[in-house]
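Read-outs throughout are calculated quantities, based only on the coordinates presented, and are distinct from any laboratory measurement. The structure displayed is predicted, hence computed values, not measured ones. Positions of Cβ are generated from backbone atoms using ideal geometry, with glycine treated the same way; all protein chains shown enter the neighbour counts.
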Amino acid sequence: MKVESIGKTLLISGIPELNAANAGQFRDQARAAILPEHSRVDLDLSITRFVDSSGLGALIALNKLMNTRQGHVRILNPMPAVQQILELTRMHRVFEIAKN
Amino acid sequence: MTASVQSIPGRGLRMEVRCDLEAVREATRQLRVFLGAEGLSEVEQSSWELACMEAVTNAVEHVLPGCEGILLRLGVLAFEDEIEVVISDRTAGFDWPDAPELPESDSESGRGVFLITQLTDEACYLRGREENRLVMRRRRDARRPVATVESLEQQVRDLDATLATMTEELAACYESLTAIFRFTEDIKRGQYGNELAAKWLSELRPVCGADWCVLRLVAKDQRTLITVGSTGPGVVLPPLDLDSPLSGPVATEVRALKVGTDIWFDEASPLEPLDPLVQMLNTDVGLCHPIFYQGQPFGVLSAGRSSARPGLTAGQINVLHTFADFLSIQIRNLRLQEEYVRGQLVSRELQIAERIQRSLLPEALPKTPGYGLAGFSQNANQVGGDFFDAIALADGSMLLVMADVMGKGVPAAMFAAILRSTLRARPDLAAWPQELMMWLNQSLYPDLDRVEMFVTVQVVYFDPQSGLCRIASAGHCPALLATPPGNISSIDIGGPPVGVVPGCDYRDEIFSLDAGALLLLYTDGVTDVQSADGEAFGEERLKEFLRTAVAEGRDAEQACALLSATLTRFRGSRPAFDDVTVLVLGRSAAMAGTSEPLGNP
């Protein structure tokens with residue numbers, strides 16, 4: 001997992017999977033990297049080929065944390081399988097999903 | 001990681017898996033490889049991988065104490081037209097819901113069973129004494145043998161379908177971009193208003209795949225949400241009160257603005273029957289998206305559609321959000337532009353009014369031997385309707401005028417100009433203030449009445465030969481006469497302001513301006529001047545000022561300058577809020593009058 005701070009944005013990338021086995025660790029590492037000056041977390045999921053409901057739970061936890069700071073989490077370039085779970089669980093209504 | 005795998009190509013797969021999360025994840029990866037070899041599509045493989053991961057994770061996380069060492073069993077059977085997966089676990093088991101629902105959107109867990117039912121055609125949970133079994137089945141997509149010409153052709157068709165979807169998405173982006181360019185052009189042409197907002201919404205509606213769109217903005221009073229555009233023909237959406245508490249029944253649009261996040265409505269959480277949006281066509285599913293500008297509530301963009309069509313995609317929601325952001329910036333810019341233009345017009349209007357008012361005041365006051373005449377008019381921050389004049393008549397006499405037009409700006413300045421020319425048009429009536437005032441009222445009443453304005457006027461005819469004055473007043477504050485050594489009389493003649501009572505009568509009064517006396521005509525701005533503590537200067541202070549001035553033998557010019565300085569000192573740092581206008585007529589102490597009766601000048 002790669003973490004970069006770009007101004008007010010924290011960019012997290014390089015996550016191969018977000019599943020029940022690694023979601024807790026991911027959530028804790030991401031939380032630790034979020035600084036008070038960050039108003040947005042950009043999660044680059046372009047190489048993430050698998051996300052399950054536990055992984056989704058970690059994303060929701062991060063979004064809740066950012067919401068308490070008037071910020072939010074943005075999901076970048078999800079692969080089709082990840083897009084599918086976001087839409088099935090209606091999380092595409094909660095997260096801003098950006099593609100480029 | 002997996003304890004044992006037994007694969008029968010083209011038939012089935014059986015795995016025994018250690019009860020830990022890493023091991024079960026590895027097992028679901030192998031399941032995917034098996035299904036890939038069986039010719040299932042990427043979508044089918046992903047669906048089974050996710051459904052099985054949800055099931056085995058549940059089995060690991062809820063394993064009964066003491067059973068951690070027992071292996072989980074995962075079996076896959078690939079039939080001609082269907083895939084069946086059976087997972088056995090050693091948990092206490094749970095009641096499989098008839099219709100699994102999603103938890104609240106901020107819940108971090110509780111989506112596993114919902115996902116399994118969405119990803120499979122059939123899921124059956126059998127609870128037993130020793131173990132529980134979850135049986136999942138899903139029909140196979142059109143069956144494709146591996147690595148045959150047909151399967152390759154199918155892959156090409158799949159790729160074509162993906163390409164078509166991407167093209168469609170690209171077209172939607174293109175449509176959005178084109179729409180945004182069109183909106184920008186509309187703005188450049190200076191078109192703006194509710195019609196334009198409705199036009200933009202009608203462009204947005206197909207781009208974001210909605211059946212209808214409604215845009216509301218926060219009104220300038222910040223207390224209501226008003227409709228600026230709607231694609232629903234004939235639908236009238238009443239303004240919404242933003243002050244209503246969230247605890248009571250609140251329109252979804254107001255709620256979205258108050259909580260600051262999108263609020264969705266669908267079959268599970270439909271719009272309330274009294275919600276104004278129920279008037280729109282097809283409200284099966286949709287959302288209210290709040291718009292903020294620099295952190296301040298700005299408006300709400302809502303869209304909805306029938307559930308007969310697929311739900312809004314992430315791409316369509318993105319278009320809606322982008323459009324809302326774009327719109328808020330554009331509308332804000334337009335509002336600022338309008339305010340700027342309006343500000344320019346107002347300041348131009350004030351410039352004109354100031355110019356008119358300056359041109360009305362006499363450039364130089366007439367001079368009469370043995371008498372002095374001085375005056376000033378100070379404007380408050382806005383142009384007002386104060387006005388004074390001193391008209392020298394052919395026989396050496398003089399007409400003094402003091403007036404205050406109700407109101408400010410161009411209308412007040414215009415009426416002051418009309419008053420000035422009306423008075424100057426009848427020098428024959430100058431010696432008869434009563435008749436002059438009646439004629440003035442008769443001439444100006446229709447115009448003043450039409451615009452609901454009035455003017456207080458005071459006219460003084462003054463004959464320097466006799467030192468006698470004849471005064472008439474139309475609702476103006478009393479003139480003050482100061483005679484040595486320090487007597488003050490207030491000359492208060494009743495009479496309604498000009499423009500209030502049609503054809504009304506006025507009366508006049510004669511008095512003598514004795515040697516050393518001062519006559520002060522003023523507007524109520526003088527007595528209304530306020531100190532820093534908010535105390536008014538008042539008539540008593542004005543009388544006291546005059547008493548001192550006359551006792552000290554001040555002439556008109558000195559008295560005028562001293563009064564100006566006194567008022568400035570009294571006001572201190574407090575800004576003036578009304579015009580201050582003063583006219584002083586003084587008779588030198590050395591000159592004695594003949595005191596012949598007035599009336600036959």
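Quick notes on this structure:
- Segments A:2-13, B:314-325 sorted - mean Cβ within 10 Å per residue, highest first: B:314-325, A:2-13
- Cβ-to-Cβ counts within 10 Å put B:ASP81, B:ASP275 in ascending order as B:ASP81, B:ASP275, the fewest first.
- DSSP loop GluC sites (Glu not before Pro) with at most 16 other Cβ within 10 Å excluded, longest remaining stretch of chain B: B:131-266
- Unit charges at the beta carbon, dipole of chain B: most positive-side option, B:ASN487, B:GLY525, B:LEU242: B:ASN487
- A Cβ-based charge dipole, computed about the Cα centre of the protein assembly as shown with Lys and Arg at +1 and Asp and Glu at -1, lands at about 1020 debye.
- Residue-by-residue Karplus 3J(HN,Hα) for the stretch B:273-282, coefficients 6.51, -1.76, 1.60, Hz, glycine and proline x: x, 8, 5, x, 5, 5, 5, 6, 6, 6
- Simple rule: put +1 on each Lys or Arg Cβ and -1 on each Asp or Glu Cβ in chain B, find the dipole, and look at B:LEU119, B:ILE331, B:LEU257; the Cα lying farthest toward the positive end is B:ILE331.
- Chain A - charge dipole about Cα centre, Lys and Arg +1 at Cβ, Asp and Glu -1, debye rounded to 20: 240
- Take each residue of peptide B:101-110, count the partner chain Cβ atoms within 10 Å of its Cβ, and average: the result is 4.
- Gaussian network model of chain A, springs between alpha carbon atoms under 10 Å - residue of A:LEU86, A:LEU62, A:LEU35 with greatest fluctuation: A:LEU35
- Taking amide H atoms as placed 1.01 Å from N in the peptide plane, the amide H of A:ILE75 lies under 5 Å from those of A:LEU43, A:GLU96, A:ILE97, A:ALA98, each 5 or more residues away in sequence or on another chain.
- Inter-chain Cβ neighbour count for B:251-264, averaged per residue, equals 1 (cutoff 10 Å, partner chain atoms only).
- Residues B:SER88, B:SER109, A:SER46 arranged by fewest to most Cβ contacts within 10 Å: B:SER109, A:SER46, B:SER88
- With both residues required to sit in the stretch A:2-98, DSSP beta bridges show an antiparallel share near 25%.
- Magnitude of the charge dipole, chain B, Cβ model with Lys/Arg +1 and Asp/Glu -1, debye to 20: 1060
- Per-residue Karplus couplings for the stretch B:326-337, computed as 6.51 cos²θ - 1.76 cosθ + 1.60 with θ equal to phi - 60°, are listed in order as 4, 5, 5, 5, 5, 5, 4, 4, 5, 4, 4, 4 Hz, Gly and Pro entered as x.
- Average other protein chain Cβ within 10 Å of Cβ, residues B:314-323: 3
- Shown for B:PHE387, B:PHE376, B:PHE298: other C-beta atoms within 10 Å of each C-beta, ranked fewest to most, produce the order B:PHE376, B:PHE298, B:PHE387.
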